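The values are calculated or read from the model by the stated rules, or taken from the named source; none is laboratory data. Keep in mind that this is a model prediction, so the values were computed, not measured. We place every Cβ from the backbone using ideal geometry, glycine too, and count neighbours over all the protein chains shown.
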Amino acid sequence: MMAMLFLSSQATAQFVTGEYRLDHLYTADQLREDLTIYKTRLELDHPNLYLYTPKREINLLFDSLYALITVPDNNINFYNMITRTLAAIKDGHTQIFPDPATTAYENQNAPFLPLQVHWEGNRLFVVKEYSASPQTAPGTEILVINGVNASFLHDLMMRRQIRDGFNTTYPAWIIDRYFTSYYSFHFGNPAYFNIQTLNPDKTFGEFNLKGQSRDSIAYYRESIFGEPSKDALIGTGLTISLDSSSQTATILIKDFHNDILRKDFAQRFDDYIPAFFRTIREKQNKNVILDLRNNQGGDLENAVTLLAFLLDTPFDILQSYESVDPTTWKIPEARLQPEKGPQTGKHQPQKSNFTGKLYVLINGGTFSASSMVCSALQANKRCVFIGEETGGNPVVIAGNVKNITLPNTKTSVAIPTVRYNIRSILYNVGRGITPDYLVVPTTSDLINKKDVVMEMAFKLINGKGERG
């Protein structure tokens, strides 16, 4: 309860009913103050603020948002307004979330849409329903939720989501993987969801689906669908599996963050990765499949450790760092200054590095440090990429995030402060790495637990693959 002390007694009463974000109003002056502080911090700290969108257009966007604030409004509408800036800034490390205290309370008490869904373009499909008496069959298409068309939901969320440059696979991956959370951010937490569907048998349906608490959803995920609990994830962040018939080792790296690997998986990168490659050497595997799908990045020293086992010549993972110069921040073409950083220069490969064939699995969730690994592998012509375009940019990104809280709405904003120049900026087209073999899982694949991306890797190893 300590995180809720900023709430008045009246606000707390609203908060407990689950209506705080809808009912609590901020004055127009408070909302404008928060927006002004957000813009100022971007200008003073963000190295890539004008990388894709000129300063004039950024200013015009903020002017239009100021003009919208004329009367008191609630947190949900403010969130929907301020997140319109994300698609203009086009930086995957610039994040905006509602008041963390409210979000934490809702995660403990509020109802959520009890569905795992999958987007195919702007069409929304059910993979699983987490409830005691499911009303939706797997593969059901959701047409409308609480009077809002699915295609509109997709457009609204995509236009308010982060991305690196002009990439769309990363925002699509986010709203696919975290749809229930972002629905809550944008629309609140209704007790019931009126759902209109196109069923697998091509009939139309309409029903009210009761929202479930996070705890209830977790219970049904584990008890009905056998999905692992948090405790069951121990030891699964870094894994290796061997296929003797094809002389292939598959390495899964879920994360490069040391703290996440230790906390969630009880693993250390420096212990597991060298051991994996010792096994590969002992078993004389000719092929390695490196699975970086859904890997959001993390500590660069771990990326370097991995690359040292995959490359056989000295390599670099980035060329330079830059930050905003406090004396020239108002001048777009002169606002950056060189910055010191630990990972520049050439790194040496391991003497016992792997020299066989390498296949790397990627998707929109391959981001930040994991996309930097892909960039180094691509620059060295080292592998075959399979899957979907990486969410992370292989040429330039921003990092070293500074977290701020806007004083009135308590909106949480993450603003990067350092530019990472991975390759020459002249090569930047604002897209991720395009796979050599495009493989996009369908709703049916997810329902049937069919890993079509992994299957393509083994087809290529066995000489049966065709270019996608």
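Can you report the number of residues in the stretch 448-465 which are out of contact with any helix residue (DSSP H, G or I) (no Cβ under 8 Å at 6 or more places or on another chain), without any contact (Cβ under 8 Å) to a residue 12 or more places away in the chain and part of a loop (DSSP other than H, G, I, E, B)? Explain how you work it out, then say what you get.
First pass over the stretch 448-465, keeping only residues out of contact with any helix residue (DSSP H, G or I) (no Cβ under 8 Å at 6 or more places or on another chain): 448-449, 453-464.
Checking the rest, the ones that are also without any contact (Cβ under 8 Å) to a residue 12 or more places away in the chain come to 448-449, 455, 459, 463-464.
Filter once more, so that each one left must be part of a loop (DSSP other than H, G, I, E, B): 448-449, 463-464.
Within the stretch 448-465, residues that are out of contact with any helix residue (DSSP H, G or I) (no Cβ under 8 Å at 6 or more places or on another chain), without any contact (Cβ under 8 Å) to a residue 12 or more places away in the chain and part of a loop (DSSP other than H, G, I, E, B) number 4.
Name the single residue, out of those in the stretch 100-126 being of a type in the set (A, V, I, L, M) and part of a loop (DSSP other than H, G, I, E, B), that is surrounded by the most Cβ atoms within 10 Å (Cβ to Cβ). The residue in question is Leu113. Looking at this structure, is Thr366 without any contact (Cβ under 8 Å) to a residue 24 or more places away in the chain and in contact with a helix residue (DSSP H, G or I) (Cβ under 7 Å, 6 or more places away or on another chain)? For Thr366, the condition - without any contact (Cβ under 8 Å) to a residue 24 or more places away in the chain and in contact with a helix residue (DSSP H, G or I) (Cβ under 7 Å, 6 or more places away or on another chain) - is not met. Within the stretch 197-225, the set of residues being among the polar types (S, T, N, Q), closer than 14 Å to Leu113 by Cβ and in contact with a strand residue (DSSP E or B) (Cβ under 8 Å, 6 or more places away or on another chain) comprises Thr197, Asn208, Gln212, Ser213.
The set of residues in the stretch 139-158 being assigned to a strand (DSSP E or B), aliphatic (A, V, I, L, M) and surrounded by fewer than 20 Cβ atoms within 10 Å (Cβ to Cβ) consists of Leu143, Val144, Val148. Taking residues in the stretch 127-138 that are closer than 11 Å to Asn199 by Cα and part of a loop (DSSP other than H, G, I, E, B), and partners anywhere that are at pLDDT below 95 and of a type in the set (A, V, I, L, M, F, W, C), not one pair has Cβ atoms closer than 7 Å while being at least 6 places apart or on different chains. Among the residues of the stretch 48-61, the one identified as part of a helix (DSSP H, G or I) and buried (at least 19 other Cβ atoms within 10 Å of the Cβ) is Ile58.
State whether the residues of the stretch 179-190 include one that is closer than 30 Å to Ala104 by Cβ, modelled with pLDDT under 95 and of a type in the set (Gly, Ala, Ser). Yes, the stretch 179-190 contains a residue that is closer than 30 Å to Ala104 by Cβ, modelled with pLDDT under 95 and of a type in the set (Gly, Ala, Ser).
Counting only residues that are of a type in the set (D, E, K, R) and out of contact with any helix residue (DSSP H, G or I) (no Cβ under 7 Å at 6 or more places or on another chain), which one in the stretch 85-99 is surrounded by the most Cβ atoms within 10 Å (Cβ to Cβ)? Even if it seems obvious, please write down each step before you answer.
First, the residues of the stretch 85-99 that are of a type in the set (D, E, K, R): 90-91, 99.
Filter again for out of contact with any helix residue (DSSP H, G or I) (no Cβ under 7 Å at 6 or more places or on another chain), leaving 90-91.
On the way: Lys90: 20, Asp91: 26.
In this case the residue turns out to be Asp91.
Filtered by the rule that a residue be closer than 20 Å to Val395 by Cβ, of a type in the set (Val, Ile, Thr) and part of a loop (DSSP other than H, G, I, E, B), the stretch 317-332 gives a lone residue, Ile317.
Taken over the stretch 224-242, residues that are surrounded by 12 or more Cβ atoms within 10 Å (Cβ to Cβ) and without any contact (Cβ under 8 Å) to a residue 12 or more places away in the chain amount to 1. I'd like to know if the stretch 302-321 contains one or more residues that are within 21 Å of Met456 (Cα to Cα) and of a type in the set (D, E, K, R). No; the residues of the stretch 302-321 include none that is within 21 Å of Met456 (Cα to Cα) and of a type in the set (D, E, K, R).
Condition check: touching a Leu at 6+ places or on another chain (Cβ under 9 Å), buried (at least 23 other Cβ atoms within 10 Å of the Cβ) and under 20 Å from Gly430 (Cβ atoms). Does Ile362 satisfy that? Criteria met by Ile362.
None of Asp73, Asp45 is buried (at least 17 other Cβ atoms within 10 Å of the Cβ) and in contact (Cβ under 8 Å) with a residue 60 or more places away in the chain except Asp45.
Can you tell me which residues in the stretch 159-176 are assigned to a helix (DSSP H, G or I) and in contact with a strand residue (DSSP E or B) (Cβ under 9 Å, 6 or more places away or on another chain)? Walk me through it before giving the result.
Filtering the stretch 159-176 for residues assigned to a helix (DSSP H, G or I) gives 169-176.
Matches in the stretch 159-176: Ala172, Ile175, Asp176.
Confirm whether Gln30 is over 30 Å from Glu322 (Cβ atoms), modelled with pLDDT of 95 or more and either surrounded by fewer than 16 Cβ atoms within 10 Å (Cβ to Cβ) or not hydroxyl-bearing (Ser, Thr, Tyr) (or both). Steps first, answer last, please.
Details: over 30 Å from Glu322 (Cβ atoms): yes; modelled with pLDDT of 95 or more: yes; either surrounded by fewer than 16 Cβ atoms within 10 Å (Cβ to Cβ) or not hydroxyl-bearing (Ser, Thr, Tyr) (or both): yes.
Yes; evaluated as a whole, the condition is true for this residue.
Assess whether Tyr183 counts as being of a type outside the set (Asp, Glu), crowded, with 18+ Cβ neighbours inside 10 Å and within 25 Å of Gln296 (Cβ to Cβ). Yes; evaluated as a whole, the condition is true for this residue.
Take Asp270 and decide whether it is in contact (Cβ under 8 Å) with a residue 24 or more places away in the chain and either more than 21 Å from Gln378 (Cβ to Cβ) or exposed (fewer than 14 other Cβ atoms within 10 Å of the Cβ) (or both).
Values: in contact (Cβ under 8 Å) with a residue 24 or more places away in the chain: yes; either more than 21 Å from Gln378 (Cβ to Cβ) or exposed (fewer than 14 other Cβ atoms within 10 Å of the Cβ) (or both): yes.
Here the answer is yes, as Asp270 does meet what is asked.
Residue check: Tyr178 meets all listed conditions (1) touching a residue at least 24 places away in the same chain (Cβ under 8 Å); (2) within 28 Å of Pro98 (Cα to Cα) but one, namely (1).
In summary, Ser64 fulfils each of the numbered conditions (1) surrounded by 14 or more Cβ atoms within 10 Å (Cβ to Cβ); (2) under 21 Å from Met158 (Cβ atoms); (3) not hydrophobic (A, V, I, L, M, F, W, C) with the single exception of condition (1).
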